[in-house]
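First comes the structure, then the notes that go with it.
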Amino acid sequence: YIGIDWGSGVGNDNTVISALNEHNEQVFVIMFNNKTALQQIDYIVEYLGGYGDKIKHILAECNGLGKPLCDNLRAKLKTSRINKVPMTEWSTTNANKTELINKLQVAFEQRKIQILDNEQQTAELSMYEAKVKDNGTVTFNAPAGGNDDTVMALMFAMESKRMKNKKGNYSLIFK
């Protein structure tokens, strides 16, 4: 289950790919900011292709600069070894980010997730903060000058797993 947080490739803003297995164990976390948009797509497809049918679902953030990257990734996946892997485009809002943060926090508290010993990821997780705005809205981000790339990719990997594992029949009821 793959989560992708796109980076701008400028400064410390990394593209991060995080993977979880069926047991919520992090399999890998990779990050880079030294590739063009097309190089990023090629690298990701080649890297994930090495895992073959172990890749069950991809969730990639597609707001802002992520939209063209998502479009290119989807097109490249269609002609790759992992062309049958479903990909979901995610548009982050404050509301759904808060929901993902809460799920990640509960997973850690209940020891239902195991992450790799990655210095960057540990630093980002330990510095992640909540702020209450004047209007009462709570926002979650890295502190000024910090990054949350690995945190976002990890949350996207968790959500990727949840989305893929939804079971049952669903009916939409319109009123």
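The values are calculated or read from the model by the stated rules, or taken from the named source; none is laboratory data. This is a predicted model, so every value here is computed, not measured. Glycine also receives a Cβ, built like all others from the backbone with ideal geometry; neighbour counts cover every protein chain displayed. The area values use the complete protein model at the heavy-atom level, side chains included, leaving out ligands, DNA and RNA. Shrake-Rupley method; radii C 1.70, N 1.55, O 1.52, S 1.80 Å.
The figures follow:
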read-out	value
Single condition Ala123 does not satisfy, out of (1) open to solvent by less than 70 Å² (accessible area, probe 1.4 Å); (2) assigned to a loop (DSSP other than H, G, I, E, B)	(2)
Test for Asn83: is it open to solvent by 40 Å² or more (accessible area, probe 1.4 Å), of a type outside the set (Ser, Thr, Tyr) and touching a Leu at 6+ places or on another chain (Cβ under 9 Å)	yes
Residue in region 42-53 that is among the hydrophobic types (A, V, I, L, M, F, W, C), touching a helix residue (DSSP H, G or I) at 6+ places or on another chain (Cβ under 7 Å) and at pLDDT below 95 present	no
In region 70-80, the residues that are open to solvent by 60 Å² or more (accessible area, probe 1.4 Å) and out of contact with any strand residue (DSSP E or B) (no Cβ under 8 Å at 6 or more places or on another chain)	Asp71, Asn72, Lys76, Lys78, Thr79
Matching residues, region 31-60, being touching a Phe, Trp or Tyr at 6+ places or on another chain (Cβ under 7 Å) and of a type in the set (A, V, I, L, M, F, W, C)	Leu59, Ala60
Residues being open to solvent by 20 Å² or more (accessible area, probe 1.4 Å) and modelled with pLDDT of 95 or more - total across region 141-161	2
Of all residues in region 42-56 being within 25 Å of Lys166 (Cα to Cα) and either among the charged types (D, E, K, R) or in a loop (DSSP other than H, G, I, E, B) (or both), the one that is most open to solvent (accessible area, probe 1.4 Å)	Lys54
Residue match in region 91-109 (condition: of a type in the set (Gly, Ala, Ser) and under 20 Å from Val16 (Cα atoms))	yes
Every residue from region 86-110 that is open to solvent by 60 Å² or more (accessible area, probe 1.4 Å) and free of Cβ contacts under 8 Å to residues at least 24 places away in the same chain	Thr93, Ala95, Glu99, Asn102, Gln105, Val106, Phe108, Glu109, Gln110
Members of region 126-138 found to be of a type in the set (Ser, Thr, Tyr) and either loosely packed, with under 13 Cβ neighbours inside 10 Å or in a helix (DSSP H, G or I) (or both), listed by number	Ser126, Thr137
Members of region 12-25 that are open to solvent by 10 Å² or more (accessible area, probe 1.4 Å) and either on the phi < 0 side of the Ramachandran plot or of a type in the set (D, E, K, R) (or both)	Asn12, Asp13, Asn14, Asn21, Glu22, His23, Glu25
The listed residue being part of a helix (DSSP H, G or I), within 25 Å of Lys166 (Cβ to Cβ) and either within 17 Å of the chain's Cα centre (by Cα) or not charged (D, E, K, R) (or both), out of Leu73, Leu59, Leu69	Leu73
Total residues in region 57-69, condition crowded, with 17+ Cβ neighbours inside 10 Å and closer than 14 Å to Phe156 by Cα	7
Answer residue from region 26-41, given it is farther than 24 Å from Asp117 by Cα and not in a helix (DSSP H, G or I) and is least open to solvent (accessible area, probe 1.4 Å) among those	Lys35
